[in-house]
1. Evaluate the range 182-202: report whether one residue or more is touching a residue at least 60 places away in the same chain (Cβ under 8 Å) and among the β-branched types (Val, Ile, Thr).
2. Working only within the range 199-216, note down all residues that are within 19 Å of LYS136 (Cα to Cα) and in contact with a helix residue (DSSP H, G or I) (Cβ under 6 Å, 6 or more places away or on another chain).
3. Can you say whether THR224 is over 17 Å from the mean Cα position of the chain (by Cα), buried (at least 17 other Cβ atoms within 10 Å of the Cβ) and under 23 Å from LEU116 (Cα atoms), as far as the supplied structure shows?
4. Looking at the range 108-160 only, could you name the residues that are small (Gly, Ala, Ser) and free of Cβ contacts under 8 Å to residues at least 12 places away in the same chain?
5. Only one of (1) on the phi > 0 side of the Ramachandran plot; (2) not assigned by TED's automatic domain parsing to the domain that holds ILE163 fails for GLY237. Which number is that?
6. Say we look at the range 8-37 and pick out the residues that are assigned to a helix (DSSP H, G or I) and of a type in the set (Gly, Ala, Ser); which of these is modelled with the highest pLDDT?
7. Could you please find all residues in the range 251-304 being under 14 Å from the mean Cα position of the chain (by Cα) and closer than 18 Å to ILE53 by Cβ?
8. I'm trying to understand the selection: among the residues of the range 38-66, which are in a loop (DSSP other than H, G, I, E, B) and either acidic (Asp, Glu) or modelled with pLDDT of 95 or more (or both)?
Amino acid sequence: MFRYSLIVFLLFHFSFANADDWPTKPITLLIPLPAGGGTDAVYRILGKEMSGILGQPIVVDNRPGAAGRIGLLALSKSQSDGYTIGAVTSGPLIAVPASSKVVPYDPVKDFTSLALLYEVYTTFLVAGNLPVDSVKSLVSYAKANPKILNYGSIGNGSVAHFITEHWKRSVGIEIEHIPYKGEPQAIQDLLAGRLQIYISPSPYLDFVANGKLKALATTGPKRTQIQPGIPTMDELGFPTASMSVLFGLFAPANLPPEIAKRLSNAALEALRMSSVQKQINDFGYITRGEGPERMKEIVQEDFMKFKAIAKEANILTD
């Protein structure tokens, strides 16, 4: 009995000693997206500031592919020692497991939540040549011309796929889903009029300004600074399409609480810097800066919502 107690004491003692010493080497930040683009840029900015706070370099490791599944699967299987953390977004974290035939990871059980950093209100875009000027007139046009319109997304099981499927069912219209491998091709087809509807995290302000695209609404809970004249779906009477895309910081499950707290505090401290907030807002993103418990609650809520939509719309991915 004494020997067992001694072993438990030593394990407990050294685990906290290690936590006190942490970090003693560089930290890897897994980003489940290609290098470049707004999301990658924001996490690199945050990583740089967190490095200064924690006293160790944060090295970015981009792991794109399979709608973010590859990066998050790697994160879930990493050691729980604080030396691997990951950028998470609603797509790979929530939409992927909600629609997968074989669930690759549990968004709550397989990770340690660290912080809710910011969110994006997506923009409901339509082709410039489409004879509509509001969401209401789009619904009327779609009902008068069933099965004529289509909408795009960056793939089956993507957040835009979920939002649009849920919305089209709530208003009773029939529009065809066209999945793309990436946003650039979808936007090219939208500009050319081959695609009629697309929900994007990017507002494409220049194309909207010159009339090549029309921005009918945003899908967040309130109007954005960069699109103050664009109403929300909620304002227009379509609350089922009101959904923002979350961006947070996670680690593998069972991360020691002291290390988790240090990472969380460092991320939130970096996010509070005015220079960081300005760069995030310049991308059109909305800072949140909430702790791990709130992030965990929202993930649980959204996961249940996405699972219900997947069942309703028969969204199923490999």
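The values are calculated or read from the model by the stated rules, or taken from the named source; none is laboratory data. Quick caveat, the model's predicted, so the values are computed rather than measured. Here the Cβ positions follow ideal geometry from the backbone for every residue, glycine too, while neighbour counts run over all protein chains shown.
1. yes
2. Residues satisfying the conditions are ILE199, LEU213, ALA215, LEU216.
3. Taking the combined requirement at face value, the residue satisfies it.
4. Our first condition is that a residue be small (Gly, Ala, Ser); within the range 108-160, this holds for 113, 115, 127-128, 134, 137, 140, 142, 144, 152-153, 155, 157-158, 160.
Across the range 108-160, the qualifying residues are SER137, SER140, ALA144.
5. Answer for GLY237: the failing condition is (2).
6. Let us first name the residues in the range 8-37 that are assigned to a helix (DSSP H, G or I), namely 8-21.
Adding the requirement that they be of a type in the set (Gly, Ala, Ser) leaves 15, 17, 19.
On the way: SER15: 47, ALA17: 42, ALA19: 68.
Checked the range 8-37; the qualifying residue modelled with the highest pLDDT is ALA19.
7. Of everything in the range 251-304, just one residue is under 14 Å from the mean Cα position of the chain (by Cα) and closer than 18 Å to ILE53 by Cβ, namely THR287.
8. Filtering the range 38-66 for residues in a loop (DSSP other than H, G, I, E, B) gives 55-57, 63-65.
Selection gives GLY55, GLN56, PRO57.
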